[in-house]
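Peer 1: This is the structure, below, for whatever I ask next.
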Amino acid sequence: MAKAVRHQDKHGKADAEKQRCHDGMEQQQELLIQGASCAGCVKKIEAALQSVPGVTHAEMNFAQRTVSVEGAVDASILIKAIEQAGYGAQTQSADSDDDALEEKEKADRAYYKRLMLEMTIALGLGVPLMIYGLLIGEMTVTTTTERIAWLLVGLLTLGVMLFSGKHFYVGAWQSCKNHSANMDTLIALGTGTAWLYSMVVVFFPQVVPDMARHVYFEATAMIIGLIDLGLALELKARGRTSEAIKRLIGLQPKTARVIRDGNDMDIPIEQVRLHDLVRVRPGEKVPVDGEVIEGHTAIDESMLTGEPMPVEKAEQDEVVAGTINKTGSIVFKATRVGKDTALAQIIGMVKRAQNSKPPIGRLADVIAAYFVPVIMMIAIVSALAWLNFGPEPAVAFAVVSATTVLIIACPCALGLATPMSVMVGVGKAAEAGVLIRNGEALQTSSKITAMILDKTGTITLGAPKVTDIVTVDGVDEAGVLQQVASLESGSEHPLALAVVESAKERGIKPLAVTGFNAIAGHGVEAVVEGKNLLFGNEKLMKDQGVALDDFVDKAQQLAAEAKTPMYFAVDGRLAALIAVADPIKEDSIAAIKRLQHNGIRVVMLTGDNRATAKAVAEKAGIKEFFAEVLPEDKSKKVQELQMQGEVVGMTGDGINDAPALAMANVGFAIGTGTDVAIESADITLMRGSLHGLADAIAVSKATLRNIKQNLFGAFIYNIAGVPVAAGLLYPFFGLLLSPVIAGAAMAFSSLTVVTNANRLRLFKTREH
């Protein structure tokens, strides 16, 4: 029961989120953040934004240093709130995704150069000092000459601190003003303590015991240099995690060839207007979305859908921006331009998903936010312990241990662990034609134990054909088809479309219809030429008192052949039986096997009668199915499985699947389905193949595994590193960690996390 409640809570929140989007009442803005250095900063920035009246949701991506804010609030108010929290923020000035990406890369390149310069200067001082201390002489102050020499070195170190480490001290000061602490605080305290202690030794050597007259200028310079180096390498590696977005943005051509006043002209993509006529020649990319009005060709849509085979396009077919025209030349009318194209919306969806956190990431943020104050307390306790119980020079040992604890405990790796993996994982899924709406869906997909598949349009092609028309003696087949086609001409149900299409193929024109009424899950009724017509399943006929006679056996025979039999009655008397078959998709059987092989319970759901459902399920290799399910009952079936303790995925394509998609732990919409289904789902499969389900679950599991590896590494690093830094090994082995090694280890831990997240880029879904 508790599990069911959690499910309801989850969906209540998800539904609210979806409803906000649907209503279009809220504005979503993305801001660039400066000065955020750890997961604690993330928590403070999000809290500052959440406290702004009108903001309904704020989520920061630490890896990208961006924050996504929902709510009807002006950007200047949001920036002010962030600045008051001690950080910098700015809106993105670029008009297009391409420009925004270029703007960000330009800023990253400039930041990288600055970090490398700062690192060079800091290590330029720190490395010679360290070599001197190790190989040439003691770094102690005993004579006046040494005092003068070390004073000069101390001033040089101060210069390094102000030039190469200024961002740490500014960040720490801003954090201090807001009565909080972050990664900058630890670094500023650590390096500042080492420098101040050294300057005390230089200026007032008499107040320090002889054995403790050691200076640590090399530690200060080395720590700043190594951390700057780590940040620079992390920035470089971080850039590679956005490869999927770069590739998607790269699909958009920069120009389009439009036909205006009868002339072809090449214009920038931003100048293409709605309803412009656009010409695309073989080998060129489609610049905007549109409808073909002239020509015939094959379009490669693989970068959007993952489907390798080109798709034939002729008049009235839709073409999508970013796809590649392979063979013929076409002219199409622009139906969506700019940020309204499918490609632009996909890019937006992927960016939002990359920016979101799975639940495991929020837990890491909370832990990291409390981590800094705890570490500061440990450093103080460690220093006091050395002063009171440590060997001589106790003061030096206290300074070294406190500095090392502060430096090694930086939670930067912890903050990077989740967003880096999510960014690569969501991008990887997008490359496979799987669009994930948010981090929560990504995480939950890895736990799915049962997958419900809607039959029509999901397992099958969703394009049924009329296969049999069996009439009562004396009733004309063409007349039956005309009446049924007339009856169904107003319906969009796939089975109705099959009948209408069959009539068209035979050149039969529909008749005028009055009193049309669709009876959900049963069929339709209407009046044609003064006759009351009924068309639907056995239930409808029984409810209306229509005798089915021997046709029941015939219907069962057709159903056993995986066909859907439907009865047709005129004025309360049975007139014919029409069977429709919807072929199973070519790769559905293999995809279902993949799911079952991974231990997932696959269940089929259909409104069809039991015999037809059984035949289709057997063909598809599914042992468990629900037949004759009314549209409103689909979500109940999801709940039933959830009450059994299953984590349920629901896959569908129709409007009537929307409630079940929203109810499921993870809803999967077929990308070729309705907009309502796609909006209700957590994950959209751009291609119609069910292999996308297995791919999505595989990517989800790989991403979660990667996140756990990162978190494990970050936690173990801190759990093991802090006691060693505090001097735990000294009583046993006489070993006290150097602050320099702590600084290198800290930089290395962040780099390890980013590198491990980048490994996901090499992940491949199983070949199929």
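The values are calculated or read from the model by the stated rules, or taken from the named source; none is laboratory data. Keep in mind it's a predicted model, so treat the numbers as computed, not measured. All Cβ positions, even for glycine, are placed from backbone atoms using ideal geometry, and neighbour counts span all protein chains on display. Ligands, DNA and RNA are excluded from the accessible area calculation, which covers all protein heavy atoms including side chains. Shrake-Rupley method; radii C 1.70, N 1.55, O 1.52, S 1.80 Å.
Peer 1: Looking at (1) closer than 24 Å to Leu406 by Cα; (2) open to solvent by less than 10 Å² (accessible area, probe 1.4 Å); (3) touching a Gly at 6+ places or on another chain (Cβ under 7 Å), can you tell me which one Thr703 breaks?
Peer 2: All conditions pass for Thr703, except number (1).
Peer 1: Give the residue, chosen from Ala547, Ala575, Ala617, that is free of Cβ contacts under 8 Å to residues at least 40 places away in the same chain and either touching a Phe, Trp or Tyr at 6+ places or on another chain (Cβ under 8 Å) or part of a strand (DSSP E or B) (or both).
Peer 2: Ala617
Peer 1: Looking at Ile77, Ile121, Ile82, which is the one that is among the aliphatic types (A, V, I, L, M), open to solvent by 60 Å² or more (accessible area, probe 1.4 Å) and either closer than 19 Å to Lys43 by Cα or modelled with pLDDT under 85 (or both)?
Peer 2: Ile77
Peer 1: May I ask you to list pairs of residues, at least six apart or on different chains, whose Cβ atoms are under 8 Å apart, with the first in segment 684-697 being within 9 Å of Ala591 (Cβ to Cβ) and the second being assigned to a strand (DSSP E or B) and among the hydroxyl-bearing types (Ser, Thr, Tyr)?
Peer 2: Going by the 8 Å Cβ cut-off, the qualifying pairs are Leu690/Thr651; Leu693/Thr651.
Peer 1: Ok, one more. Counting only residues that are of a type in the set (A, V, I, L, M, F, W, C) and more than 26 Å from the chain's Cα centre (by Cα), which one in segment 223-256 is surrounded by the most Cβ atoms within 10 Å (Cβ to Cβ)?
Peer 2: Top of the filtered list is Ile223.
Peer 1: Does segment 624-644 contain any residue that is open to solvent by 20 Å² or more (accessible area, probe 1.4 Å), within 23 Å of Ala698 (Cβ to Cβ) and assigned to a loop (DSSP other than H, G, I, E, B)?
Peer 2: There is no residue in segment 624-644 that is open to solvent by 20 Å² or more (accessible area, probe 1.4 Å), within 23 Å of Ala698 (Cβ to Cβ) and assigned to a loop (DSSP other than H, G, I, E, B).
Peer 1: Can I ask one more? Which count do you get for residues in segment 510-541 that are assigned to a loop (DSSP other than H, G, I, E, B), open to solvent by less than 60 Å² (accessible area, probe 1.4 Å) and without any contact (Cβ under 8 Å) to a residue 40 or more places away in the chain?
Peer 2: Residues in segment 510-541 being assigned to a loop (DSSP other than H, G, I, E, B), open to solvent by less than 60 Å² (accessible area, probe 1.4 Å) and without any contact (Cβ under 8 Å) to a residue 40 or more places away in the chain: 2 in total.
Peer 1: Only one of (1) within 20 Å of Ile697 (Cα to Cα); (2) touching a Ser or Thr at 6+ places or on another chain (Cβ under 6 Å); (3) of a type in the set (A, V, I, L, M) is not met by Leu595, so which one is it?
Peer 2: (2)
Peer 1: Please pick out the residue among Asp587, Asp633, Asp657 that is charged (D, E, K, R), touching an Asp or Glu at 6+ places or on another chain (Cβ under 7 Å) and over 22 Å from Val466 (Cα atoms).
Peer 2: None of the other options fit; the residue is Asp657.
Peer 1: Hey, another quick one. Does any residue in segment 266-295 that is under 16 Å from Asp317 (Cα atoms) and touching a residue at least 40 places away in the same chain (Cβ under 8 Å) come within less than 7 Å, Cβ to Cβ, of a residue that is surrounded by 14 or more Cβ atoms within 10 Å (Cβ to Cβ) and among the aromatic types (Phe, Trp, Tyr) six or more places away or on a different chain, and which pairs are these?
Peer 2: Every condition considered, the pairs that remain are Val278/Phe332; Gly290/Phe332; Glu291/Phe332; Val292/Phe332; Ile293/Phe332.
Peer 1: Listed residues Asp468, Asp473; which is acidic (Asp, Glu) and part of a strand (DSSP E or B)?
Peer 2: Answer to the check: Asp468.
Peer 1: State which residue is farthest from the chain's Cα centre (by Cα) when the search covers only segment 447-463 and only residues that are in a loop (DSSP other than H, G, I, E, B) and at pLDDT 80 or above.
Peer 2: Ranking the candidates gives Leu461 first.
Peer 1: If a residue has to be surrounded by fewer than 17 Cβ atoms within 10 Å (Cβ to Cβ), at pLDDT 85 or above and among the aliphatic types (A, V, I, L, M) to count, how many in segment 291-313 make the cut?
Peer 2: Qualifying residue count for the region: 2.
Peer 1: Checking Asp184 against (1) assigned to a helix (DSSP H, G or I); (2) farther than 17 Å from Ala742 by Cβ; (3) touching a Gly at 6+ places or on another chain (Cβ under 8 Å); (4) touching a residue at least 60 places away in the same chain (Cβ under 8 Å), which single condition isn't satisfied?
Peer 2: (2)
Peer 1: One residue is enough: does segment 320-331 have a residue meeting the conditions outside any strand (DSSP E or B), touching a strand residue (DSSP E or B) at 6+ places or on another chain (Cβ under 9 Å), at negative phi and crowded, with 22+ Cβ neighbours inside 10 Å?
Peer 2: Looking for residues that are outside any strand (DSSP E or B), touching a strand residue (DSSP E or B) at 6+ places or on another chain (Cβ under 9 Å), at negative phi and crowded, with 22+ Cβ neighbours inside 10 Å, one finds at least one in segment 320-331, hence yes.
Peer 1: Let me ask something additional. For the condition assigned to a loop (DSSP other than H, G, I, E, B) and over 30 Å from Ala503 (Cα atoms), what is the one hit in Gly599, Gly607, Gly649?
Peer 2: Sole residue among the options that is assigned to a loop (DSSP other than H, G, I, E, B) and over 30 Å from Ala503 (Cα atoms): Gly599.
Peer 1: I'd like to check something: does segment 189-203 contain any residue that is among the β-branched types (Val, Ile, Thr), surrounded by 14 or more Cβ atoms within 10 Å (Cβ to Cβ) and outside any helix (DSSP H, G or I)?
Peer 2: No, there is no match, as no residue in segment 189-203 is among the β-branched types (Val, Ile, Thr), surrounded by 14 or more Cβ atoms within 10 Å (Cβ to Cβ) and outside any helix (DSSP H, G or I).
Peer 1: Restricting the first residue to segment 196-207 and requiring it to be under 12 Å from Glu146 (Cα atoms), which pairs with a second residue that is of a type in the set (Val, Ile, Thr) and surrounded by 14 or more Cβ atoms within 10 Å (Cβ to Cβ) meet a Cβ separation below 9 Å and a spacing of at least six or different chains?
Peer 2: Val201/Thr140; Val201/Val141; Val201/Val208; Val201/Val215; Val202/Val141; Val202/Val153; Val202/Val215; Pro205/Val141
Peer 1: Scan the helices (runs of 4 or more DSSP H) fully inside segment 655-764 and keep the ones with 1 or more residues being among the charged types (D, E, K, R) and in contact with a helix residue (DSSP H, G or I) (Cβ under 9 Å, 6 or more places away or on another chain).
Peer 2: The helices (runs of 4 or more DSSP H) meeting that bar are 675-680, 691-726, 739-759.
Peer 1: Name the residue that is farthest from Gly692 (Cα to Cα), counting only residues in segment 645-663 that are charged (D, E, K, R) and open to solvent by 10 Å² or more (accessible area, probe 1.4 Å).
Peer 2: Top of the filtered list is Glu646.
Peer 1: Checking Lys339 against (1) more than 24 Å from the chain's Cα centre (by Cα); (2) in a helix (DSSP H, G or I): exactly one of these is not met. Which one?
Peer 2: (1)
Peer 1: Sort through Ala342, Ala353, Ala364 and tell me the only one that's surrounded by fewer than 23 Cβ atoms within 10 Å (Cβ to Cβ) and either closer than 30 Å to Glu243 by Cα or not β-branched (Val, Ile, Thr) (or both).
Peer 2: None of the others qualify; the one that does is Ala342.
Peer 1: Is one or more of the residues making up segment 181-198 among the β-branched types (Val, Ile, Thr), at pLDDT 85 or above and closer than 20 Å to Ser401 by Cβ?
Peer 2: yes
Peer 1: When Leu186 is evaluated against the numbered criteria (1) open to solvent by less than 10 Å² (accessible area, probe 1.4 Å); (2) out of contact with any helix residue (DSSP H, G or I) (no Cβ under 6 Å at 6 or more places or on another chain), which criterion, by number, is the only one it fails?
Peer 2: It fails just one condition, (2).
Peer 1: Could I ask something else about it? Scan segment 257-277 for residues that are open to solvent by less than 30 Å² (accessible area, probe 1.4 Å) and more than 29 Å from Ala432 (Cα to Cα) and jot them down.
Peer 2: Result: Val258, Ile267, Val272, Asp276.
Peer 1: While we're here: Of the numbered conditions (1) closer than 28 Å to Leu196 by Cα; (2) assigned to a helix (DSSP H, G or I); (3) free of Cβ contacts under 8 Å to residues at least 24 places away in the same chain, Leu363 fails exactly one; give the number of that condition.
Peer 2: Result: Leu363 fails condition (1) only.
Peer 1: In segment 550-572, how many are in contact (Cβ under 8 Å) with a residue 40 or more places away in the chain, hydrophobic (A, V, I, L, M, F, W, C) and open to solvent by 10 Å² or more (accessible area, probe 1.4 Å)?
Peer 2: Within segment 550-572, residues that are in contact (Cβ under 8 Å) with a residue 40 or more places away in the chain, hydrophobic (A, V, I, L, M, F, W, C) and open to solvent by 10 Å² or more (accessible area, probe 1.4 Å) number 5.
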